[in-house]
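The values are calculated or read from the model by the stated rules, or taken from the named source; none is laboratory data. In this text, all values refer to a predicted model and were calculated from it rather than measured experimentally. Every residue, glycine as well, gets a Cβ built from its backbone with ideal geometry; the counts of neighbours run over all protein chains shown. SASA here: full protein model, heavy atoms, side chains in, ligands and nucleic acids out. Shrake-Rupley method; radii C 1.70, N 1.55, O 1.52, S 1.80 Å.
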Amino acid sequence: MQKTWLITGVSSGFGYEMTKLLLERGDTVVGTVRNTAKAEELVKNYPDTFDCEILDVTDVPAVHKTVDDAFARHGKIDVVVSNAGYGLFGAAEELSDEEIDRIIATDLTGSI
Ligand SMILES: NC(=O)c1ccc[n+]([C@@H]2O[C@H](COP(=O)([O-])OP(=O)(O)OC[C@H]3O[C@@H](n4cnc5c(N)ncnc54)[C@H](OP(=O)(O)O)[C@@H]3O)[C@@H](O)[C@H]2O)c1
């Protein structure tokens with residue numbers, strides 16, 4: 001049974017590898033990137049089943065719009081993979097307030 005996936009952060013790493021495998025097996029993927037140049041190969045190889053959307057997950061209204069648009073275009077989303085994110089390493093006193101705010105907005109609020 002073919003499924004429709006929504007996966008954030010498909011430009012590299014786990015998101016990219018997962019998207020490639022799913023497209024190879026015939027599923028549809030709505031994949032988000034911040035820079036479309038990084039998804040050119042997927043767009044070229046899977047024009048009918050790879051739906052590339054620009055999204056920064058810290059932009060919460062844009063997250064809602066991306067999800068609403070995906071439902072409107074595909075009728076359903078079977079699986080959401082909230083993959084976009086990054087790691088932040090350092091002792092608490094070494095990190096700036098901006099760095100802490102940004103990672104919470106990305107890995108926590110944006111993902112939820
Ligand atoms: N690798 C590990 O050992 C490990 C361990 C624990 C958790 N994780 C988590 O697993 C996920 C995937 O890891 P990975 O190793 O595959 O990382 P990765 O190769 O760095 O990929 C992260 C993806 O998230 C995207 N991203 C980052 N910030 C974003 C934002 N604000 N809005 C939208 N997209 C954003 C990146 O897009 P850009 O190309 O635009 O930067 C990229 O597509 C991440 O959430 C990471 O924190 C990884």
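The table that follows gives values for the structure above.
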read-out	value
Verdict on LEU6 being open to solvent by less than 40 Å² (accessible area, probe 1.4 Å), away from the ligand (no atom under 11 Å from the Cβ), farther than 25 Å from THR109 by Cβ and hydrophobic (A, V, I, L, M, F, W, C)	no
Matching residues in segment 1-38 - criterion: being within 18 Å of VAL80 (Cβ to Cβ), free of Cβ contacts under 8 Å to residues at least 60 places away in the same chain and hydrophobic (A, V, I, L, M, F, W, C)	MET1, LEU21, LEU22, LEU23, VAL29, VAL30, VAL33
Residues satisfying the stated conditions in segment 13-27, i.e. open to solvent by less than 50 Å² (accessible area, probe 1.4 Å) and either near the ligand (Cβ under 9 Å from one of its atoms) or at positive phi (or both)	GLY13, GLY15, TYR16, GLY26
Count of residues meeting criterion [under 11 Å from the mean Cα position of the chain (by Cα), closer than 11 Å to THR49 by Cα and not in a helix (DSSP H, G or I)] in segment 1-30	3
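Let's see how each residue does on (1) touching a strand residue (DSSP E or B) at 6+ places or on another chain (Cβ under 8 Å); (2) in contact (Cβ under 8 Å) with a residue 40 or more places away in the chain:
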{"position": "ASP69", "(1), (2)": "yes, no"}
{"position": "ALA72", "(1), (2)": "no, no"}
{"position": "ILE77", "(1), (2)": "yes, yes"}
{"position": "ALA84", "(1), (2)": "yes, yes"}
{"position": "PHE89", "(1), (2)": "no, no"}
{"position": "ALA92", "(1), (2)": "no, no"}
{"position": "GLU98", "(1), (2)": "no, no"}
{"position": "THR106", "(1), (2)": "no, yes"}
{"position": "ILE112", "(1), (2)": "no, no"}
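One line per residue, one yes/no per condition, for (1) of a type in the set (D, E, K, R); (2) farther than 20 Å from GLN2 by Cβ:
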{"position": "THR36", "(1), (2)": "no, yes"}
{"position": "LEU42", "(1), (2)": "no, no"}
{"position": "ILE54", "(1), (2)": "no, yes"}
{"position": "ASP59", "(1), (2)": "yes, yes"}
{"position": "THR66", "(1), (2)": "no, yes"}
{"position": "ARG73", "(1), (2)": "yes, no"}
{"position": "LYS76", "(1), (2)": "yes, no"}
{"position": "GLY85", "(1), (2)": "no, yes"}
{"position": "GLU99", "(1), (2)": "yes, yes"}
